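Beneath this line is the structure, given in structure tokens, with notes to follow.
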Amino acid sequence: MYFRKALPVPCSGVQKLNIYGCPNAETICGESVLGIADVWVNVPSLSPSFLNDCKSQQAFVLDVAHAGIIAASKRFAFDVAVFDEAKRYVEENDFQLSYQIGKSKASPDRQHIAAVFCRYDNQYICELRVMKKDGTLDCVVHFANGNEDSIGQLRWDGYDKIRIPLTAISGDAHWEYDLGTRVRFVFPKSEIGDPHYLYQHAILLLDGAFVVPDTIAGLDLLERSAKAGYKHAIRRMLREQHNQAMQAEHPDERL
């Protein structure tokens with residue numbers, strides 16, 4: 001979030017910084033090599049109890065990153081003020097890693113406003129947030145995982161239906177949300193029964209790439225693709241069956 005709020009920053013001397021924490025060493029920024037520079041930040045010895053919770057760890061990493069930026073700004077003469085502001089923003093928002101993707105869109109009747117947000121816990125989670133016209137929150141729906149660059153601009157299909165494209169794959173894949181009901185991932189080319197797209201849809205659901213994982217639905221699609229003779233689906237189905245057999249034999253072990 002710190003870098004997202006600050007970048008991009010005009011700088012002719014460097015295109016990328018690698019920032020490292022070095023225990024009890026001098027803070028120093030090296031020369032740029034092919035547009036990449038390394039920054040070493042002095043990190044004092046800390047007791048293990050100092051970093052025993054998430055907020056302490058986040059604050060520690062933020063301080064290291066900011067010290068690296070200050071050192072680099074002195075060498076490469078870029079504006080550090082935007083990073084100062086970004087640091088304050090992260091601290092004042094209690095280190096919450098949440099930001100909006102794309103623009104907010106009002107429903108045709110102007111009764112609701114919808115927007116997509118990316119939030120990071122132990123993985124990236126994409127949420128649809130719908131607000132009432134008075135500004136109160138109507139609902140928050142976790143609809144996707146993974147790379148935010150794969151999510152297109154949401155749009156309203158009528159007064160109460162929202163569509164969010166998945167741009168990472170072809171075939172008009174998208175999420176649909178009817179206000180007050182469950183979000184649904186739609187993959188038209190899979191729905192017509194094409195073995196390749198059935199397999200592709202299955203892998204999305206089984207691996208949790210972009211979409212929320214759904215093992216039962218994923219295995220059903222995989223089986224349909226395998227029965228149609230699609231060789232990649234057959235291989236994956238055999239692997240899934242092997243994993244299930246091993247799990248049955250060793251239920252307390254993670255495969």
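I want to confirm something. Restricting to segment 60-109 and keeping residues that are aromatic (Phe, Trp, Tyr) and assigned to a helix (DSSP H, G or I), which single residue is farthest from Cys22 (Cα to Cα)? Explain how you work it out, then say what you get.
The first filter runs over segment 60-109 and keeps only residues aromatic (Phe, Trp, Tyr), leaving 60, 76, 78, 83, 89, 95, 99.
Pick out the ones that are also assigned to a helix (DSSP H, G or I) and you get 60, 76, 83, 89.
Working: Phe60: 13, Phe76: 21, Phe83: 21, Tyr89: 26 Å.
Going through the qualifying residues, I end up with Tyr89.
Out of Gly102, Gly21, one residue alone is touching a strand residue (DSSP E or B) at 6+ places or on another chain (Cβ under 7 Å) and more than 30 Å from Gly152 (Cβ to Cβ). It is Gly21. Among the conditions (1) surrounded by 17 or more Cβ atoms within 10 Å (Cβ to Cβ); (2) in contact with a helix residue (DSSP H, G or I) (Cβ under 6 Å, 6 or more places away or on another chain); (3) within 30 Å of Ala226 (Cβ to Cβ), the only one that Asp172 does not satisfy is (1). Scanning segment 56-69 for any residue that is exposed (fewer than 13 other Cβ atoms within 10 Å of the Cβ) and either touching a residue at least 12 places away in the same chain (Cβ under 8 Å) or not assigned by TED's automatic domain parsing to the domain that holds Leu17 (or both) turns up nothing.
Do we have Asn52 as surrounded by fewer than 15 Cβ atoms within 10 Å (Cβ to Cβ), free of Cβ contacts under 8 Å to residues at least 60 places away in the same chain and either of a type in the set (S, T, N, Q) or in the same structural domain as Glu148 (by TED's automatic domain parsing) (or both) here? Let's see the steps before the verdict.
Numbers: surrounded by fewer than 15 Cβ atoms within 10 Å (Cβ to Cβ): yes; free of Cβ contacts under 8 Å to residues at least 60 places away in the same chain: yes; either of a type in the set (S, T, N, Q) or in the same structural domain as Glu148 (by TED's automatic domain parsing) (or both): yes.
The answer is yes for Asn52.
Of the listed requirements (1) modelled with pLDDT of 90 or more; (2) under 30 Å from the mean Cα position of the chain (by Cα); (3) surrounded by 11 or more Cβ atoms within 10 Å (Cβ to Cβ), Asn42 misses just one: (2).
Selection of first residues in segment 169-190 that are assigned to a helix (DSSP H, G or I) and of second residues that are loosely packed, with under 14 Cβ neighbours inside 10 Å, restricted to Cβ pairs under 9 Å at least 6 apart or on distinct chains, gives the following pairs, ordered by first then second residue: Pro188/Asp172; Lys189/Ser170; Lys189/Asp172. Looking only at segment 1-59, residues that are farther than 29 Å from Gln96 by Cβ, among the acidic types (Asp, Glu) and outside any strand (DSSP E or B) come to 2 in all. So which residues in segment 84-103 are assigned by TED's automatic domain parsing to the domain that holds Thr136 and modelled with pLDDT of 95 or more? Hits for segment 84-103: nothing passes.
The values are calculated or read from the model by the stated rules, or taken from the named source; none is laboratory data. As the structure is a prediction and not an experimental result, all values here were calculated from the model. Here the Cβ is made from the backbone with ideal geometry for all residues, glycine too, and neighbour counts use every protein chain on show.
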